[in-house]
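Q: A single structure is presented below for examination.
Bear in mind these aren't lab numbers, they're just calculated from the coordinates by the rules spelled out. All values derive from a computational prediction rather than experimental measurement. Positions of Cβ are generated from backbone atoms using ideal geometry, with glycine treated the same way; all protein chains shown enter the neighbour counts.
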Amino acid sequence: MHRREFLRICGRSAGAMAFGPGVVLQSCESQPTLPEPDERLTLRIPRTMDAGDALLAAGAAELDLGSYTSRGWGYNGTLPGPTLRTRVGDRARIRVLNQLSEETTIHWHGMVVPASMDGHPADAVLSGAGYNYEYPIAQRAGMNWYHPHPHGRTGRQIWRGLAGAFIVEDPAAEQGLPSGDREIPLLLRDGLLDGSGPFEYRRRDSGMVGDFPLVNGVPYPRITLAPALHRFRVLNAANARVFRLGMSNGSRFTLIGNDGGLLDQPVDLDRIDLGPAERVDILLDLSDQVVGAGLSLRCSRAGWDLLEIHVVGEPNGETVIPTAFSAIQLLPVGPGTRRRHFRFEGHRRINGREYRMDEVGFRVPLGETEIWEFESAGGAPHPVHVHGAHFQVLSRSGGRGRVFPWEQGWKDTVLLEDRERVEIAVRFDSYTGIYLLHCHQLEHEDAGMMLNFEVT
Ligand SMILES: [Cu+2]
């Protein structure tokens, strides 16, 4: 949908929306409007919080959309929540308070943590209660995220706004990469304006899809950047939408990492398909852009200019893109490797079963590499997510028929389109206990496309 149309729909539905603290507009006559397309709002960068001593309160939040305020939920009153940061070898200590009127949990998506800290729906934090999450950071540097994972309500709580980035740093491994204000987290999602506010949730089995983009909570934002090298850490935090990312002027960019951290080598690309919950780490070189020029990060599938970039200032410093990072060891697989098969069927079933919280689907020995095959049987896209370990994508047959550059290295979520089979190698090295395998299309997940397994 075009921006103008967005404004029109917004105007039409304004009578039912709440604007600002305590004010509900009754009439379309006096409704505020969003800024004109040439007056884009500035991208907001969520504030950073040290994961070693953090407090996250899940509760009501307000989102300033320029000329009006929309209501949702957030951590510490913001939407998205603060960006947690930690370093390899540190310890996370995060106190979570549930100020919602329903139960919640937090899942540390991409973080390998003990089962009791993983935010499993059975470990619900009741309304008014708290939970202390504490675990060591013993994994590769990368961009992870945190979001609720309560039974049957994950889609609603994330759509309402509960999500944030969680960045693990490793200064030695990341030497030479842009940092400070040249390292920019981008949480992509969509919102829906159909009369009841962009964060009102209406469950649909086929997936909750919105009609305009939100980047770090801001619709169609802009940012002013120096003519230099920048690092964008991009998360698809949408319930169901797959983004196809590229630059509006066709310029290329450099992929350096994904869910599980840095790749072994940078890859030069002009597009990336990013399914729900997947992340990519990319370098964008603006040093040879004409100062004053504008370009955008686009989603060509939706036809959205997600982020308008204005290049301003003097070039300073040279642009050096590293040629290699640490080698990635491949998990050992062979003819004798144990195989498991998972069929993702329609909107709610894996291998013919809907999720039951008290049922353990299978057991996996700690420290043993296995090959898991995911097969789509309708209802895709199914972004398949494994808790408790990272995995390596071995192959894709049918459908798109190949493994893409952004699926190399270590992943925790892989996109399964219709008629596809994807094989992964996975090994649980860290903890025993009960973890989840599920579709991260959140309406599928909530409808039952999830199962428990136990690492023993
Ligand atoms: Cu699914």
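Q: At 7 Å along Cα-to-Cβ for each site, give me the label-to-label distance between Ala60 and Arg271 in nm.
A: 4.4 nm
Q: Hey, what D do you get for the range 256-298 in µm²/s if you plug the Kirkwood alpha-carbon radius into Stokes-Einstein at 4 °C and 1.567 mPa s?
A: Details: Rh = 12.5 Å.
Once the numbers are plugged in, D ends up at 104 µm²/s.
Q: When the gyration tensor of the chain is built from Cα positions, what are the square roots of 5 times its three eigenvalues, in whole Å, from largest to smallest?
A: They are 32, 27, 21 Å, listed largest first.
Q: Hand me the trypsin sites (Lys or Arg not before Pro) from the range 173-225 located in a DSSP loop with no more than 10 other Cβ atoms within 10 Å, in residue order please.
A: Values: sites: Arg182, Arg189, Arg202, Arg203, Arg204, Arg222; in loops: Arg202, Arg203, Arg204.
For trypsin sites (Lys or Arg not before Pro) across the range 173-225 that sit outside H, G, I, E and B with at most 10 neighbouring Cβ atoms in 10 Å, the list reads Arg202.
Q: Separate question: Trypsin sites (Lys or Arg not before Pro), restricted to the range 356-456: which are DSSP loop and have at most 16 other Cβ atoms within 10 Å?
A: Numbers: sites: Arg356, Arg363, Arg396, Arg400, Arg402, Lys411, Arg419, Arg421, Arg427; in loops: Arg356, Arg400, Arg402, Arg419.
Here the trypsin sites (Lys or Arg not before Pro) that fit, given the DSSP loop and packing criteria, are Arg356, Arg400, Arg402, Arg419.
Q: With each run of n ≥ 4 DSSP H residues scored as -39500 (n - 2.57), what mean residue ellipticity at 222 nm is computed for the chain after dividing by its residue count and rounding to the nearest 500 deg cm²/dmol?
A: -1500 deg cm²/dmol
Q: Under 15 Å from a point placed 7 Å out from the Cα of Asn132 along the Cα-to-Cβ direction: which residues of the range 87-114 have their backbone N that close?
A: Hits in the range 87-114 for Asn132 at 15 Å: 91-97.
Q: A further question on this structure: Starting from the 7 Å offset along Cα-to-Cβ, what nm value, one decimal, do you get for the label separation of Met357 and Gln99?
A: 2.5 nm
Q: Give me the three principal axis extents of the range 122-210 from the C-alpha atoms, as integers in angstrom, largest value leading.
A: The principal-axis extents, from largest down, are 48, 31, 24 Å.
Q: Hey, another quick one. Any idea what the relative contact order of the range 316-454 is, in percent, if you count C-alpha pairs under 8 Å spaced at least 6 apart? Each step should come with its number before you reach the end.
A: On the way: 305 pairs, mean separation 44.1, N = 139.
Here the relative contact order equals 32 percent.
Q: Select from the range 117-214 those GluC sites (Glu not before Pro) which occupy a DSSP coil region and have at most 15 other Cβ atoms within 10 Å, ordered by residue number. Intermediate results must be reported in sequence, preceding the final value.
A: Values: sites: Glu134, Glu169, Glu174, Glu183, Glu200; in loops: Glu174, Glu200.
Qualifying residues, ordered by number: none.
Q: Which whole-number percent gives the relative contact order of the chain, counting Cα pairs below 8 Å spaced six or more residues apart?
A: Details: 1265 pairs, mean separation 64.6, N = 456.
Here the relative contact order equals 14 percent.
Q: Hey, another quick one. Near Ser397, within a Cβ-to-Cβ distance under 15 Å, what is the net charge of the other residues, with Lys and Arg +1 and Asp and Glu -1?
A: On the way: positive: Arg339, Arg343, Arg396, Arg400, Arg402, Arg419, Arg421; negative: Glu373, Glu375, Glu407, Glu417, Asp418, Glu420, Glu423.
Here the charged neighbours net out to 0.
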